[in-house]
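The values are calculated or read from the model by the stated rules, or taken from the named source; none is laboratory data. Keep in mind that what you see is a predicted model, and the values were worked out from it rather than measured. Cβ coordinates were reconstructed from backbone atoms using ideal geometry, including for glycine residues, and neighbour counts include every protein chain displayed.
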Amino acid sequence: MGAAVTFVVFCLFLYLPHFLGSSPLFAAEEKLIVFGRIQDDPVRAVRDRQEFVDYIAKKLARQGYSEGRILVVGKMRPLARALREGKVDFFHDSVVPTVVLSRWAGAIPIVRQWKYGEAEYDSVILAKKNSRIGGVADLKGKTIGFDEPHSTSAHILPRMLLVENELKLAPVTLPGRAKQDEVGFVHGADGNAIHMLVTDAVDAAATSTREFKELRPEIQDRLKIVGRTRSVPRLVISVRKDLDPKVVKALKEIMLNMDKDPDGKVALKKQQRTTKIDEIPPGSFQLLRDIEKFVFSHFGKQLDSW
Amino acid sequence: MNLRIKPSLKLKIFLALAVFDLVAVGTLAYLTIRSQRNLLLDQMVERAKASINLMELSVTAPLYRLDIFQLETIAREAKALPNVDYAYVYDDQGRIVGDYHYDRRLYLAKLPDELSQRIVESNEILVDVDHKKGILHISKPVVLGHQKLGGIRLGLDLNPIFREIRVITLKTLGISATIFVLGLLAILAIAERITGPIARLTEGAKRIEQGDLQYRVGVKRSDEIGNLAAAFDQMAERLMHRERELRQSQSIIRRADRLSSLGMLTAGLAHEIRNPLVAIRTFTQLLPERYQEPEFRNSFQALALKEVDRICGLINDLLSFARPSTPNVSEEDANEIVDGIVRILDTEAKEREVAMYRHLSLDLPKIFIDKEQIKQVSMNVILNALQSIEGRGVVEVSTRLFSKNGTEQYVQIEVRDSGAGIPEKDIEDIFNPFFTTKKDGSGLGLSISHQIVQEHGGYIVVESQVGKGTTFLINLPVRQPGQRAAKGRPQVDEADSGR
C-alpha cells in the first residue's frame with residue numbers, strides 16, 4: 001500500500017511541470033522580439049534579416065522570447081511611434097536615422113554593426129580630374145550633386161563636411177548656376193549624383209568611398225577626390241528606451257558573440273554580408289552627437305518625410 | 001426450329017483475335033488519352049503554380065503595407081494574363097483586398113468566406129480542378145518571414161485545355177479505329193493463313209474418304225500446319241500405294257477364289273468331258289468295222305461334232321471364268337451371265353442330284369457391270385447353294401427388276417436353295433473374310449462377292465431358315481456409269497429386299 005502511494009506521488013511529481021505548463025494560470029507568456037526596419041521594400045527587408053532575428057529570438061529563449069518578427073516601415077516617424085509604443089524592441093540603421101530616432105523615441109544605441117566587411121565608412125566629394133576644383137573650398141560658386149536627402153553617405157555626411165568648412169549651401173535648379181559665395185546643390189536618386197557629374201550637369205558629386213571604389217575604372221580615372229568626410233559606423237543597433245535592461249544586456253551579449261558562433265556567423269552573413277557586431281567606439285558617440293546636432297539644425301521639419 | 005449456329009474455326013479465331021485487338025487498341029487509346037490529359041493538366045497546374053508564385057512576388061510588399069490600390073492593379077494585371085479567369089488577394093483575415101473588378105470600397109467590407117480562410121490558414125499551394133465549370137482554382141498563402149500576410153487565389157480557364165484534350169481524344173480515337181480496322185484485316189489474313197490449310201486438310205480428308213486418293217493438300221510451310229499437311233500428303237501417298245497393293249491382293253484372292261470354285265467342279269467337269277470322249281472313243285473303235293455304213297458314218301460325225309462342240313463350249317466357259325480379269329465395266333445382260341454359270345454348274349448339280357431351275361425375266365434392262373466379277377459372284381452364290389444341300393434338293397435361280405423406295409431400280413438375281421439353312425448366329429458373319437462352315441472352304445467366296453456387289457453400288461440380302469433353306473438376293477443397280485454407288489454392310493433379312 002505504502003509503495004503504491006509513493007509511486008502515485010512520484011508520478012504526480014514527474015508530471016507536475018507538464019500540468020502547470022498547460023494551465024493558463026501557469027503558462028509562460030510567449031513573447032515576440034521585434035526588429036524594426038525602415039525600407040521601402042518590406043519583402044527584401046524581411047528576407048535579408050529574418051535569419052538574423054530568428055537567431056536572436058532563439059538565443060533569447062531564456063528571457064521568454066519564442067519568435068522573432070520584423071516590422072518594416074517606410075519612414076522614420078512610424079518607427080519612432082512603434083518604438084515608443086513598445087511594438088519594436090530593437091532596430092539597426094545608419095547613423096542619421098539612429099540619432100533622429102534617439103531623439104524622437106529615446107532609442108539607445110548599443111552596438112556597432114559591420115556591413116560589407118567594414119566597421120565604418122566615409123564619404124567623398126568628387127570632381128572631374130580636368131576641373132579646377134582642388135578642395136572643398138573651390139566649390140564656391142559651383143554646383144554639387146547629392147543623392148536623396150535622407151542618404152547619410154551621399155548627402156548628410158558630405159553636406160556636413162561642407163558646412164564644417166564654412167561653405168554656404170543653396171539649392172539650385174538645373175541648369176541654373178550657384179551664386180559666387182554659395183555652393184549650389186541638387187538631389188538625385190540613388191547613385192544619380194555621379195551620373196550628373198560625369199555628364200557635366202554638376203561640378204562635383206558626393207558619394208560613399210565604397211561606391212566610388214566600385215565605379216568602373218574608366219569612370220574612376222576621370223574623377224578625383226576633393227574632399228573626404230569623417231568615418232562613421234556602418235550601422236548602429238539601438239534598443240527602445242524601455243526595453244528590460246536584462247533583455248538589453250542579453251541582447252547585446254548575444255550580438256557581440258555572434259561572429260564566434262557558426263550559426264551566428266551565417267545569420268550575420270545573410271544580412272548584407274555582415275561579419276561582425278562590436279562595441280561602439282567611444283569616439284563615435286561624440287560623432288553621433290555632432291551628427292544629431294547637424295541634422296536637427298539643418299533639416300528640422302524635413303525629417304518627418306525621411 | 002433449331003437455330004444453333006456452329007461457328008467455324010476461322011470465325012472463332014477471328015472473333016477471339018478481334019476481341020483481343022479491340023481490348024488492346026481500346027486500352028492503348030484509353031491510356032494515351034489519359035496520359036495526354038494528365039500531361040496537359042499537369043502542365044496547366046505547373047503554369048498556374050508559376051503564375052501564382054510570380055504573383056506572390058509582386059503582391060507581398062503591397063499586401064504587407066495593405067496598399068489596396070497596388071493590390072488592385074496587380075489583380076487586374078494578373079487577370080490580363082492568358083487563361084486567367086479571376087484573381088483575388090486576401091488579407092490575413094481572409095478578406096478580399098484586391099481583385100480585378102470589384103468596387104474598391106467593398107474590399108474590406110466583404111466578409112471572409114470559408115475558402116479564403118482555408119487558403120490563408122494553409123501552408124501550401126492548394127489546387128482544385130472544377131471539371132464542370134472548366135476552371136483550375138489555385139491558391140497560396142502569402143507569408144513574409146513568419147508573418148502570414150494573407151493569400152492569393154487564381155482561377156485559370158481550363159476550357160482551352162479541355163478543347164485540346166477533346167481534339168487529342170478525337171485524334172487518338174481516329175488513329176485507334178484505323179489501327180483496329182487494320183488489325184482486323186491482319187487478323188482476317190492470320191485466320192485465313194491458319195485455317196486455310198486446315199480447310200484444305202478437311203477437304204482432303206473428305207476426298208480421300210470418297211476414294212479420291214490423288215488429292216494432295218499441297219501446303220508448303222515450315223510450321224506445324226505445314227508439317228501436318230506434309231504428313232497428310234504422305235499418308236495419302238501411302239494410302240494410294242496400299243490401295244494399289246490391296247487391289248492387287250484382291251485380284252489375286254478373287255482369282256484364287258475362282259480357281260477354288262473350279263477345283264470344286266473338277267470331278268463333275270472330268271465326268272462331263274469324259275462321257276463325250278467315251279462316246280467318241282466307242283465310235284472310233286467301231287469305225288474300222290462299220291466305216292462302210294453311211295448311217296454309222298453320219299451318226300459318228302454328228303455325235304463327234306456335237307460332243308466336241310460341247311466340250312469346247314465348256315472349256316471356253318471355264319477359261320473365261322478362270323482368266324485373270326482386268327476391271328472392265330460395260331453394259332451387260334444379267335440373264336446371260338446367270339445362264340452361263342448355271343450351265344457350268346449343271347453337271348455339278350446333277351452329280352449332287354440337285355434339280356436346278358431357271359426363272360429369268362425377259363424384260364430385264366442391261367446394266368453397267370464388270371461381267372467377269374458378276375460371274376464370280378453368281379458362281380460363288382449358286383455353288384454355295386448346291387453345296388448346302390445334303391442329298392436331293394432344289395436350287396432355283398431367278399432374275400427380276402425391282403424398284404427400291406420407288407426411285408432406284410435394281411436388277412435382282414435370286415438364288416434359293418432347299419438346303420440346311422444358316423443358323424441365325426452365323427448370318428452376321430457369313431460375309432466376313434475366312435468365315436466358313438465348310439470343311440474345305442476358304443471363307444473368301446461370300447466376302448469377295450459382297451465386296452464386288454458393293455463396288456457396283458449394289459447389295460446382297462440373305463434370308464435363311466435352318467432346315468428349310470437359304471435365299472440370296474443379289475441386287476445390282478440400274479444406272480449410268482459414273483453414278484456413285486452406295487456403300488454399306490450387306491443387308492440380312494432386310495424388309496425392303498426387293499422381293
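The residues of region B:45-93 that are within 19 Å of B:Glu121 (Cβ to Cβ) and acidic (Asp, Glu), listed by number, are B:Glu56, B:Asp91, B:Asp92.
When the strands (runs of 3 or more DSSP E) confined to region A:56-139 are screened for residues that are away from chain B (no Cβ under 14 Å), those reaching at least 2 such residues are found at A:90-93, A:108-113, A:123-128. The residues of region B:342-375 that are under 17 Å from B:Asn475 (Cα atoms) and part of a helix (DSSP H, G or I), listed by number, are B:Lys371, B:Glu372, B:Gln373, B:Ile374, B:Lys375.
Considering only residues in region B:19-55 that are more than 60 Å from the chain's Cα centre (by Cα) and more than 25 Å from A:Asp41 (Cα to Cα), the one that is surrounded by the most Cβ atoms within 10 Å (Cβ to Cβ) turns out to be B:Ala48. Here is a check on your reading of the model: is B:Ile96 away from chain A (no Cβ under 14 Å) and in contact with a strand residue (DSSP E or B) (Cβ under 6 Å, 6 or more places away or on another chain)? Yes.
Looking at this structure, is B:Asp85 more than 22 Å from B:Gln147 (Cβ to Cβ), of a type in the set (Asp, Glu), surrounded by 16 or more Cβ atoms within 10 Å (Cβ to Cβ) and assigned by TED's automatic domain parsing to the domain that holds B:Lys148? When the stated conditions are applied, B:Asp85 passes them. Pairs are defined by a Cβ separation below 8 Å, a sequence spacing of at least 6 or placement on different chains, a first member in region B:235-263 that is farther than 29 Å from B:Val381 by Cα, and a second member that is assigned to a helix (DSSP H, G or I) and at pLDDT 80 or above; the pairs so defined are B:Ala236/B:Gly204; B:Ala236/B:Ile208; B:Leu239/B:Ile208. For A:Ala107, indicate whether it is over 24 Å from A:Arg273 (Cβ atoms) and either in contact with a helix residue (DSSP H, G or I) (Cβ under 9 Å, 6 or more places away or on another chain) or surrounded by 17 or more Cβ atoms within 10 Å (Cβ to Cβ) (or both). Here the answer is yes, as A:Ala107 does meet what is asked. Yes or no: A:Arg49 in contact (Cβ under 8 Å) with a residue 60 or more places away in the chain, more than 13 Å from chain B (Cβ to nearest Cβ) and either part of a loop (DSSP other than H, G, I, E, B) or not hydrophobic (A, V, I, L, M, F, W, C) (or both)? So A:Arg49 does not fit the description; no. Within the set A:Glu218, A:Glu211, the sole residue that is out of contact with any Asp or Glu (no Cβ under 9 Å at 6 or more places or on another chain), among the acidic types (Asp, Glu) and either modelled with pLDDT of 95 or more or surrounded by 13 or more Cβ atoms within 10 Å (Cβ to Cβ) (or both) turns out to be A:Glu211. Looking only at region A:215-233, how many residues end up being outside any helix (DSSP H, G or I) and more than 21 Å from the chain's Cα centre (by Cα)? Matching residues across region A:215-233 total 9. For region B:148-193, name all the residues that are surrounded by 17 or more Cβ atoms within 10 Å (Cβ to Cβ) and within 30 Å of B:Pro62 (Cα to Cα). Within region B:148-193, B:Leu149, B:Gly150, B:Gly151, B:Ile152, B:Arg153, B:Leu154, B:Gly155, B:Leu156, B:Asp157, B:Leu158 qualify. Given the structure, is B:Ser320 modelled with pLDDT of 90 or more, among the hydroxyl-bearing types (Ser, Thr, Tyr) and out of contact with any Pro (no Cβ under 7 Å at 6 or more places or on another chain)? No: the conditions fail for B:Ser320. Suppose the filter is of a type in the set (Val, Ile, Thr), buried (at least 19 other Cβ atoms within 10 Å of the Cβ), closer than 22 Å to A:Tyr116 by Cα and in contact (Cβ under 8 Å) with a residue 40 or more places away in the chain; does A:Val266 pass it? The answer is no for A:Val266. Can you name the residue in region B:56-93 that is within 12 Å of another protein chain (Cβ to nearest Cβ) and among the hydrophobic types (A, V, I, L, M, F, W, C) and is also farthest from A:Val43 (Cα to Cα) among such residues? Residue satisfying both the conditions and the ranking: B:Leu66. Taken together, B:Glu164, B:Glu203 contain a single residue that is touching a residue at least 24 places away in the same chain (Cβ under 8 Å) and in a helix (DSSP H, G or I), which is B:Glu164.
What about A:Ile280, is it aliphatic (A, V, I, L, M), in a loop (DSSP other than H, G, I, E, B) and touching a Lys or Arg at 6+ places or on another chain (Cβ under 6 Å)? Answer is yes for this residue.
Yes/no matrix, rows are residues, columns are (1) outside any loop (DSSP other than H, G, I, E, B); (2) surrounded by fewer than 16 Cβ atoms within 10 Å (Cβ to Cβ); (3) not assigned by TED's automatic domain parsing to the domain that holds B:Ser361:
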{"residue": "B:Val415", "(1), (2), (3)": "yes, no, no"}
{"residue": "B:Ala420", "(1), (2), (3)": "no, no, no"}
{"residue": "B:Lys425", "(1), (2), (3)": "yes, yes, no"}
{"residue": "B:Ile430", "(1), (2), (3)": "no, no, no"}
{"residue": "B:Thr437", "(1), (2), (3)": "no, yes, no"}
{"residue": "B:Leu446", "(1), (2), (3)": "yes, no, no"}
